[in-house]
Amino acid sequence: MKKILLILFVFITLNSYSQEYFDTYKEPVKKERIPQSVKVIAVYASSIVLDAVGDGLNDSGDKGWGHFCNAASVGVLLASPFIIDYEKSKWGWYLTSYVGLRIAMFDYTYNATRGLPLNYIGGTSTWDKTLKKLNPPNTYLGRSVFLTVGIAIPINELKKR
């Protein structure tokens with residue numbers, strides 16, 4: 001019996017010495033559930049789509065839902081500081097991402113809401129007049145480049161340090 005207790009004591013002693021606490025212990029880093037890039041793309045895209053749908057509904061005569069979508073678009077942008085951890089030094093990247101996504105998505109969403117052909121270019125806004133001066137047969141390639149830029153910037157440039 002004494003031998004068993006001695007062996008048990010030796011194993012407990014060895015085990016306790018192997019569990020020493022070192023000063024170099026670091027707290028584990030908590031990972032975010034949703035990456036910053038996904039948050040930026042989702043917030044900006046939802047705001048742009050809501051704004052385009054709101055404008056399309058307003059121009060179609062459905063003013064109630066149109067104003068609601070426009071207000072929701074502004075609400076999403078106002079709520080963005082609570083969703084996205086903005087870094088002031090990277091404001092140019094945020095702006096460029098938003099503009100790229102807006103150029104890529106707004107007109108197509110507006111045209112789909114109104115029931116117009118996707119590549120339809122109006123004639124009232126300055127943006128539409130500028131696009132008509134360029135006289136493109138279609139704008140799919142240019143807008144796909146802006147969509148790529150609008151998505152690539154958050155993925156590559158807006159990583160948290």
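Here are some notes:
- Straightening the chain between Asn156 and Ala42 buys 39.5 nm, computed as 0.36 nm per residue apart minus the Cα-Cα spacing.
- Protection proxy ranking for 100-107, 71-78, 124-131, using the average of other Cβ atoms within 10 Å per residue and placing the highest first: 100-107, 71-78, 124-131.
- Computed lengthening from Ala72 to Lys129, 0.36 nm per intervening residue step minus Cα-Cα distance: 17.7 nm
- Compactness of the range 74-161 - radius of gyration and Dmax, Cα, Å: 15.4, 45
- Between Asn119 and Ile34, residue separation times 0.36 nm minus the direct Cα-Cα distance comes to 27.2 nm.
- At an R0 of 25 angstrom, the distance between the Cβ atoms of Asn138 and Thr96 translates into a FRET efficiency of 0.55.
Read-outs throughout are calculated quantities, based only on the coordinates presented, and are distinct from any laboratory measurement. No experiment lies behind these values; they were computed from the predicted model shown. So basically every Cβ, Gly included, is an ideal-geometry build from the backbone, and we count neighbours across all protein chains shown.
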